[in-house]
1. Quick one: if you stick a label point 7 Å off each Cα along the C-beta vector at residue 51 and residue 18, how many nm between them?
2. Kindly provide log₁₀ I(q)/I(0) values, in the same order as q = 0.22 Å⁻¹, from the Debye equation applied to equal alpha-carbon scatterers of the range 82-125.
3. What is the Rg over Rh value, at two decimals, for the range 45-97, using alpha-carbon atoms and the Kirkwood definition of Rh?
4. Across all directions of projection, what mean area in square nanometres is found for the Cα convex hull of the range 38-182?
5. For the range 101-150, what are the per-bin percents of Cα-Cα distances with bins 5 Å wide, up to the bin holding the maximum?
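A short reminder: the numbers here are calculations on the coordinates, not readings from a lab. For clarity, every value in this text was computed on a predicted model and none was experimentally measured. Cβ atoms come from the backbone with ideal geometry, glycine included; neighbour counts cover every protein chain shown.
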Amino acid sequence: MTPAVTAGTLLAEPDVAAFRTAMGRFPTGVTLLTQGSGDETIVMTLNSLTSVSLDPMLILVSVKADGRMRPRISRSGSFAVNVLGHAQRDLAQEFCRPDRPEGRAAMRRLSAVEGVTGNAVLPAAETYVECVLHAEYEAGDHTLLIGAVVALSGGTASPDPLLFHQGRFGGLPSGAPQEAAA
């Protein structure tokens, strides 16, 4: 039986459930990772997006090593990340299922267009970033994909990002200040 994680508790050997609970305390944004367009479109919900470098502009995403997405990105050498807004929660839920739409059905469902890298992008997203694959690193049961940014959208005038925290979707409080980070 897994011990409950309580405030201030130190677990000498954390298990998967305790690790998941601990990481769930860190809120993340929610994105759709896309590869291909038209008949070749595949999409997955992703919340592991990290800005890595400004010079050169690099981002990092983490995908299951044995999943459908990793070999497609490795072969094609490109991908796109679409940052979802709070109103796009239904898309996040739909594209995390194993039976999620692919191909033209996915393009229609997302109202996506083909970006400059040949991958589906969502003009209605908070923002999107198109990348060419810069590097791949095996990390446990996942692969870290580093993308060199080659195109991006300007984003919306009034951001309202979709967030994921403690196993639930949410958003910023109404009227939350949108100040730049220090």
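1. That separation, rounded to one decimal, is 3.4 nm.
2. So the normalised log intensities work out to -0.77.
3. Rg/Rh for the range 45-97 comes to 1.00.
4. Here the figure is 9.4 nm², rounded to one decimal.
5. 5, 18, 20, 19, 18, 16, 5
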